[in-house]
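K.L.:
Sharing a structure, written as structure tokens. Questions coming.
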Amino acid sequence: MGTLDVINPRTGQADHTIKPASCEEVAGKAAALREAQPAWEAMGVEGRCGVMARWLGAVKARAADIGEADAHDTGGCHTSYLQGFITMGNIGGWLEDAPKAFAALEYDEMSPSMPSVRVQSQVVAFPLVGVISPWNAPLMLALLDAIPALFAGCAVLLKPSEITPRVIETLFETVREVPELASVFDYVTGAGEVGQAVIGEADTICFTGSVPTGRKVAVACAERLIPCHLELGGKDPCIVTETADLERAATAVLRGAVYATGQVCYSVERVYVHESIHDAFVALLVEKAGDVRLNADDPRAGHIGPFTHGPQADIVAGHIADAVEKGARVLCGGQIEEIGGGRYLRPTVLTGVSHDMAIMQDETFGPTIPVMAYADTEEAVRLANDTNFGLTASVIAGTAEEAEAIGRQLNAGGIFLQDTFLTFAKMRTFGSDSFGWSGHGSPRIGPESLRRFLRRKSLLTQTGEVADIRNDHHLGEGA
């Protein structure tokens with residue numbers, strides 16, 4: 001098998017190559033991980049925490065290098081440079097939370113329905129977890145699944161996107177510094193066929209990516225009768241009410257829509273503003289958007305980087321063109337710019353949009369901000385819920401109470417009130433479900449994130465006399 005070129009999103013040129021794994025190589029790595037997994041699980045959560053603490057030290061020593069590799073992969077975003085430290089926070093958080101998650105699953109009581117029977121719990125890890133991760137936030141989204149699976153006692157085989165493999169290579173330099181971890185954590189590179197091979201070997205799959213690919217993953221897992229956990233993106237709305245502070249609302253919407261070039265699954269992709277403040281809100285939003293700079297000259301200095309995956313720019317341009325053809329107006333941005341080989345788009349505010357436009361229905365995944373007026377709260381809720389997706393939604397109102405009342409009516413797993421982009425606030429609290437096409441399976445945040453990788457058993461001990469079938473006919477007499 002040959003090699004695949006990896007494109008630098010800032011230059012548009014190949015500056016790296018990967019060698020796709022063959023089916024035999026995937027099977028070989030899977031077999032080695034399976035062989036090592038029982039000893040890993042047998043360590044218990046405290047033993048695994050000790051190993052993961054050593055890995056945390058290795059990551060800390062290379063945190064800057066990990067950030068540089070992530071930025072190289074994505075084209076540069078200030079969050080990319082922080083990925084080493086974000087990884088440290090992920091590992092460190094589970095060092096504290098994993099023992100608690102296991103403790104919460106412990107049960108040892110006499111049965112309330114059969115008082116002579118003792119009921120005990122046991123949890124057993126899935127031997128091999130397959131993680132198939134995307135090209136946006138390539139390290140963070142890979143480890144959001146892999147790290148809790150490792151703490152749970154599973155072995156993990158990771159298949160990163162072939163578009164952004166560099167940071168995974170750097171990460172595994174730290175993994176190899178901890179032999180016990182390296183025996184149960186490995187990766188393979190390649191395109192879709194390698195992901196298919198991983199599905200063929202794993203006991204459960206975590207996939208982050210597009211809806212069309214997610215459907216294929218779900219079907220493949222169903223054919224093998226193995227569970228899968230899918231995060232498939234969103235078309236996340238933001239409602240701005242008549243009483244909202246315009247400065248706050250415009251600031252929050254702009255960041256929520258264009259952060260990381262809009263290449264975030266929970267980016268704001270639709271904005272509904274009360275008709276009485278629509279024009280003033282749009283004017284302020286356009287003004288603020290004009291202050292957002294591209295990072296073409298310096299990846300550490302600008303606010304918006306290039307499209308990580310060049311062809312994504314064509315999808316975004318297609319959505320803009322479709323909207324304009326159907327009557328929308330572009331008030332700023334709107335044109336893909338090629339600078340030094342990278343493809344960029346400045347914040348693009350559109351008005352005159354409607355729900356027959358792709359930009360209001362399909363995931364755009366770019367720095368676009370379509371704004372639509374509404375007449376009353378009932379209409380705003382109806383418009384926000386008019387989608388196949390349901391990942392997150394935002395409400396900005398005059399008071400938190402007003403925002404909450406609206407937020408409770410929205411069909412999404414994460415509801416951000418009085419701001420946008422608040423997902424990180426719930427990381428160690430509790431998980432939320434995705435609605436519609438945005439996902440399938442158990443939550444990937446909070447204690448449930450670890451429980452995804454554990455199968456629960458019950459051990460039932462009869463401490464009294466056993467039942468005698470010959471006396472069954474007496475049951476119920478005298479009741």
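K.L.:
Inside the range 260-279, can you point out the residues that are of a type in the set (Ser, Thr, Tyr), modelled with pLDDT of 95 or more and closer than 21 Å to ALA358 by Cα?
P.N.:
Across the range 260-279, the qualifying residues are THR261, SER267, TYR272.
K.L.:
Then there's this: Exactly one of these conditions fails for THR429: (1) surrounded by 11 or more Cβ atoms within 10 Å (Cβ to Cβ); (2) closer than 30 Å to LYS235 by Cβ. Give me its number.
P.N.:
(1)
K.L.:
Taking ALA197, is it touching a Cys at 6+ places or on another chain (Cβ under 8 Å) and more than 30 Å from ILE415 (Cβ to Cβ)?
P.N.:
Taking the combined requirement at face value, the residue satisfies it.
K.L.:
Tell me, please, whether a residue that is surrounded by 18 or more Cβ atoms within 10 Å (Cβ to Cβ) and within 24 Å of the chain's Cα centre (by Cα) can be found in the range 281-295.
P.N.:
Checked against the condition, which is being surrounded by 18 or more Cβ atoms within 10 Å (Cβ to Cβ) and within 24 Å of the chain's Cα centre (by Cα), the range 281-295 yields no hits at all.
K.L.:
Quick test of your reading of the structure: SER121 fulfils all but one of (1) surrounded by 20 or more Cβ atoms within 10 Å (Cβ to Cβ); (2) in contact (Cβ under 8 Å) with a residue 24 or more places away in the chain. Name the failing condition by number.
P.N.:
Going through the list (1) surrounded by 20 or more Cβ atoms within 10 Å (Cβ to Cβ); (2) in contact (Cβ under 8 Å) with a residue 24 or more places away in the chain, SER121 breaks only (1).
K.L.:
For the range 153-171: of the residues being without any contact (Cβ under 8 Å) to a residue 40 or more places away in the chain and closer than 25 Å to LEU454 by Cβ, which is surrounded by the fewest Cβ atoms within 10 Å (Cβ to Cβ)?
P.N.:
So the residue we want is LEU158.
K.L.:
Only strands (runs of 3 or more DSSP E) wholly contained in the range 113-171 count here; list those with 3 or more residues that are over 26 Å from LEU460 (Cβ atoms).
P.N.:
Where strands (runs of 3 or more DSSP E) fall fully within the range 113-171 and carry at least 3 residues being over 26 Å from LEU460 (Cβ atoms), they are 128-132, 155-159.
K.L.:
Looking at the range 233-242, which of the residues that are assigned to a loop (DSSP other than H, G, I, E, B) and modelled with pLDDT of 95 or more is nearest to ALA380 (Cα to Cα)?
P.N.:
THR241
Conditions (1) of a type outside the set (A, V, I, L, M, F, W, C); (2) within 21 Å of PRO138 (Cα to Cα); (3) touching a Ser or Thr at 6+ places or on another chain (Cβ under 7 Å), marked per residue:
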residue	(1), (2), (3)
THR243	yes, no, no
ALA257	no, yes, yes
GLN263	yes, yes, yes
VAL268	no, yes, yes
VAL271	no, no, no
ALA280	no, no, no
LEU284	no, no, no
ALA289	no, no, no
PRO299	yes, yes, no
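K.L.:
Right, something else. Which of the residues that make up the range 24-42 are surrounded by 15 or more Cβ atoms within 10 Å (Cβ to Cβ) and not small (Gly, Ala, Ser)?
P.N.:
GLU25, VAL26, LYS29, LEU33, ARG34, GLN37, TRP40, GLU41
Conditions tested, residue by residue: (1) in contact (Cβ under 8 Å) with a residue 60 or more places away in the chain; (2) farther than 30 Å from GLY318 by Cα; (3) under 14 Å from the mean Cα position of the chain (by Cα); (4) surrounded by fewer than 17 Cβ atoms within 10 Å (Cβ to Cβ).
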site: ARG408; (1), (2), (3), (4): no, yes, no, yes
site: ASP433; (1), (2), (3), (4): no, yes, yes, yes
site: THR461; (1), (2), (3), (4): yes, yes, no, yes
site: ALA467; (1), (2), (3), (4): no, yes, no, yes
site: ASN471; (1), (2), (3), (4): no, yes, no, yes
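K.L.:
Kindly establish whether GLY439 is farther than 30 Å from GLU231 by Cβ, of a type in the set (Gly, Ala, Ser) and out of contact with any Cys (no Cβ under 8 Å at 6 or more places or on another chain).
P.N.:
no
K.L.:
Condition (residue is of a type in the set (Gly, Ala, Ser), touching a residue at least 24 places away in the same chain (Cβ under 8 Å) and out of contact with any helix residue (DSSP H, G or I) (no Cβ under 6 Å at 6 or more places or on another chain)) applied to the range 176-194: is it met by at least one residue?
P.N.:
There is at least one residue in the range 176-194 that is of a type in the set (Gly, Ala, Ser), touching a residue at least 24 places away in the same chain (Cβ under 8 Å) and out of contact with any helix residue (DSSP H, G or I) (no Cβ under 6 Å at 6 or more places or on another chain).
K.L.:
So how many residues does the range 358-391 have that are buried (at least 23 other Cβ atoms within 10 Å of the Cβ), in contact with a Pro (Cβ under 9 Å, 6 or more places away or on another chain) and either among the charged types (D, E, K, R) or closer than 15 Å to PHE435 by Cβ (or both)?
P.N.:
2
K.L.:
Here are the criteria: (1) under 23 Å from the mean Cα position of the chain (by Cα); (2) within 29 Å of PRO127 (Cα to Cα). Tell me which single one CYS77 does not satisfy.
P.N.:
(2)
K.L.:
Output the residue which, of all residues in the range 87-140 that are more than 23 Å from the chain's Cα centre (by Cα) and among the hydroxyl-bearing types (Ser, Thr, Tyr), is nearest to ALA191 (Cα to Cα).
P.N.:
Out of the qualifying residues, it is SER121.
K.L.:
Would you check which residues across the range 345-357 are surrounded by 17 or more Cβ atoms within 10 Å (Cβ to Cβ) and touching a Lys or Arg at 6+ places or on another chain (Cβ under 7 Å) and list them?
P.N.:
Residues satisfying the conditions are LEU350, THR351, GLY352, MET357.
K.L.:
With the range 254-361 as the region, which strands (runs of 3 or more DSSP E) entirely inside it contain at least 1 residues that are in contact with a Phe, Trp or Tyr (Cβ under 8 Å, 6 or more places away or on another chain) and touching a residue at least 24 places away in the same chain (Cβ under 8 Å)?
P.N.:
By residue number, 268-274, 337-339, 342-344.
K.L.:
Can you confirm whether ALA380 is assigned to a helix (DSSP H, G or I) and within 11 Å of CYS238 (Cβ to Cβ)?
P.N.:
yes
The values are calculated or read from the model by the stated rules, or taken from the named source; none is laboratory data. Since the structure is predicted, the reported quantities are computational estimates derived from the model, not experimental observations. Every residue, glycine as well, gets a Cβ built from its backbone with ideal geometry; the counts of neighbours run over all protein chains shown.
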